[in-house]
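Readers should treat all values here as calculations from the given coordinates under stated rules, not as data from a laboratory. As the structure is a computational prediction, the values presented were derived from the model and not from experiment. Glycine also receives a Cβ, built like all others from the backbone with ideal geometry; neighbour counts cover every protein chain displayed.
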Amino acid sequence: MLNPLYTIVAILVVALSTGCAQHYPEVEPDFEQNWQSQTYQSQAYLIPTAGEAFARRVSLVRSAQQHIDITYFSWDKDTSGLLLLEELRLAADRGVKVRLTLDDLLLFNEKWLAGLNQHPNIAIKVFNPFHSRKLGWIGRAVDFASHQRQRDNRLHEKYFNIDGQWLILGGRNIGDAYFGFSQQANFFDMDTLFKGDIIRPFARNYDTLWHSEHLQDISSLIAHDHQQPLEEFEQAIKKHTNKAVIAHIEEQVEQVEQLSTIDFIDVKATPVFDSLAKLNDNKPYFRTRAEHTIDQYLNKAKSALISTPYMVPSQGEFTVVDKLVANQAQVTLLTNSSASNDSGFIPAYYEQHRITLLNKGVDIFEYKANASNDDHFYHADTYYHNKTLILDSQLSYIGSSNFDPRSDFLNIEFGVFVDSTQFAQQVEHYLLRQQTVYWHVSLDEQGKPQWQSADEIHHDNPDYGKWHEIPNWLFRKMHGEFEL
């Protein structure tokens, strides 16, 4: 499986080797001080399993009457990716208007995708496209090294809007690995279904992106057969889909559609959006706006649960963690272990930051490389991909951003803060109900980290060999933390 973050950094290596690493921007002290948030009365449903997360998408597409708007960072050519596209095509055949926005990092010469753009009711646009399409990662690396300032910014949002009535937000991209269907490796992730007024500001944000100069029609980028535009797509379905997974999905969809009601929770929801101005100045619009939104909560919080696949400081500081610790809040971190991390580069930096966080008093739980999630169809290697922040079991964050500089300064992100004790408790349960998937990391009597799960204790990083020390040292010498 090709991992998005790993490929970002793989390209970065080329840029760093030519001495082109970017630096943190100058951010004025009163940056975004006048930005104001707005809260909406809405309903939220935490989707309880990976299988249902995909089945909900299929079911909603089948129920669509007017329009479907979608944004994802990546969309894989596998069973779930192709099956969902087929459902979108069938909806378009019924007259539903479909708009699909994708980041270009993992798109190459995808004729199977570009052909769908010929459907009169389907429009597919690509964010910040590369010049190279046919030369694979070598072409991308050269393009990146030559145009890093432009290519470094990526669209990281995950957005699924059906008829302006149903909205799915969360950390998942579209692909078997995000729904437990991959036989190679799967992500532990989370989605939330929303109804109500919260959908309106997200729809406006989508329209702003759709009509911006940063998107380009996929047909202008990828040449394909205009006489038989669906031929590549139909061939891909025959070649790249798993019949066992399709049968399982249909069972899940049938179960979803048999439910007469969804157990929604009434919540107060406050959205936070990035600014497309980030593509010009790389300033932390989303992070700053998010911190302004929850500043009063941060100042009084007694407990905080931070869930993120990548924990990397911005400008050498863990600003939110430090504020919470200064106020004597108990901070718990759920993140990848070095072995479970899907990036070969993040652990090089996290290895050092782990000690820093433990010395601050942060309680750390690291995801096991061999964790087995009971809602995955296939059990293989596993990665942690959940993104949330929960304060005092009351305020929860659902969105696309990680706790890293790339989310702060380079990627276009968004999210929503949900004010509801009941919802927060459901999120906590979702993350923590399988305690056996985590190592509990603490400092031993010598001040060194130790990993414990039940009666099993390790004083060396579990499943992470000593051979990593030399490449990790080299990665740190690159000083590429801004890109992670």
Computed for the chain: size of charge dipole around the Cα centre, +1 on C-beta of each Lys and Arg, -1 on C-beta of each Asp and Glu, debye to nearest 20, value 720 debye
Helix 50-63: inclination vs the chain longest Cα principal axis, degrees, rounded to 10, gives 30 degrees
Relative to the chain, whose Cα atoms define the longest principal axis, helix 136-146 and its Cα axis are tilted in degrees, nearest 10, by 70 degrees
One finds the C-alpha centres of region 357-398 and region 80-111 to be spaced, in Å, by 30 Å
In debye to the nearest 20, the charge dipole size for region 218-339, taken about the Cα centre with +1 at each Lys and Arg Cβ and -1 at each Asp and Glu Cβ, equals 700 debye
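Could you work out [θ]222 nm for the chain from helices alone, using -39500 (n - 2.57) per DSSP H run of at least four and dividing by all its residues? Round to the nearest 500 deg cm²/dmol.
Working: 16 runs with 162 residues, N = 484.
After summing the helix terms and dividing by residue count, I get -10000 deg cm²/dmol.
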For region 95-107, in residue order, the Karplus 3J(HN,Hα) values (coefficients 6.51, -1.76, 1.60; θ = phi - 60°; whole Hz; Gly and Pro = x) are x, 6, 7, 10, 10, 10, 10, 10, 6, 9, 4, 9, 9
Pseudo-spin-label distance THR208 to ASP281, built 7 Å along Cα→Cβ, given in nm, is 1.4 nm
With the dipole of the chain defined by +1 on each Lys or Arg Cβ and -1 on each Asp or Glu Cβ, the option from TYR159, PHE108, ILE249 whose Cα lies farthest towards the positive pole is PHE108
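Run the numbers for GLN66 and LYS268: contour at 0.36 nm per residue of separation, minus the present Cα-Cα distance, in nm. Kindly include the intermediate steps, with their values, before the conclusion.
Numbers: separation 202, 0.36 × 202 = 72.72 nm, distance 2.71 nm.
Extra length from GLN66 to LYS268 when fully extended: 70.0 nm.
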Rounded to 0.05, the calculated FRET efficiency for the beta carbons of ASP375 and ASN34 at R₀ = 35 Å is 0.20
So for the chain, using the alpha carbon gyration tensor with a ≥ b ≥ c as root eigenvalues (a/c under 1.5 gives rounded; past that, a/b versus b/c decides prolate or oblate), I'd call it rounded
If one compares the long axis through the Cα atoms of helix 199-210 with the longest principal axis of the Cα atoms of the chain, the angle in degrees, nearest 10, works out at 70 degrees
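By how many nm would the segment from GLN258 to THR421 grow when fully extended, if each residue of separation counts as 0.36 nm and the alpha-carbon distance is taken off? Walk me through the numbers on the way to the answer.
Values: separation 163, 0.36 × 163 = 58.68 nm, distance 2.85 nm.
Once the chain is fully extended between GLN258 and THR421, it gains 55.8 nm.
Which residues make up the longest stretch of the chain that has no GluC sites (Glu not before Pro) in a DSSP loop with at most 16 other Cβ atoms within 10 Å? The partial results should precede the final answer.
Working: sites that count: GLU26, GLU213, GLU445.
With GluC sites (Glu not before Pro) excluded where exposed in loops, the chain gives 214-444 as its longest stretch.
Nothing charged except the Cβ atoms of Lys and Arg (+1) and of Asp and Glu (-1): what's the magnitude of the dipole of region 46-135 about its Cα centre? Round to the nearest 20 debye. Walk me through the numbers before you get to the answer.
Values: 12 positive and 10 negative charges, 51 e Å.
That gives a dipole near 240 debye.
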A correct Karplus calculation of ³J(HN,Hα) over region 155-166, with 6.51 cos²θ - 1.76 cosθ + 1.60, θ = phi - 60°, whole Hz and x for Gly and Pro, returns 8, 10, 5, 10, 8, 9, 10, 10, 6, x, 10, 9
Of the residues ILE237, GLN452, HIS429, the Cα lying farthest along the dipole of the chain towards its positive end, which is defined by charges on the beta carbon of Lys, Arg, Asp and Glu, belongs to ILE237
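Using the scaling law 2.2 N^0.38 Å as the reference, what is the normalised Cα Rg of region 272-483?
Numbers: Rg = 17.1 Å, N = 212, 2.2 N^0.38 = 16.8 Å.
Dividing the Cα radius of gyration by 2.2 N^0.38 Å gives 1.01.
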For the chain, the charge dipole (Cβ of Lys, Arg +1; Cβ of Asp, Glu -1; about the Cα centre) points to a positive end, and the Cα of SER80, GLN184, PRO48 closest to that extreme belongs to SER80
Checked region 45-258 against the a/c 1.5 cut and the a/b vs b/c comparison, axes a ≥ b ≥ c from its Cα gyration tensor; verdict rounded
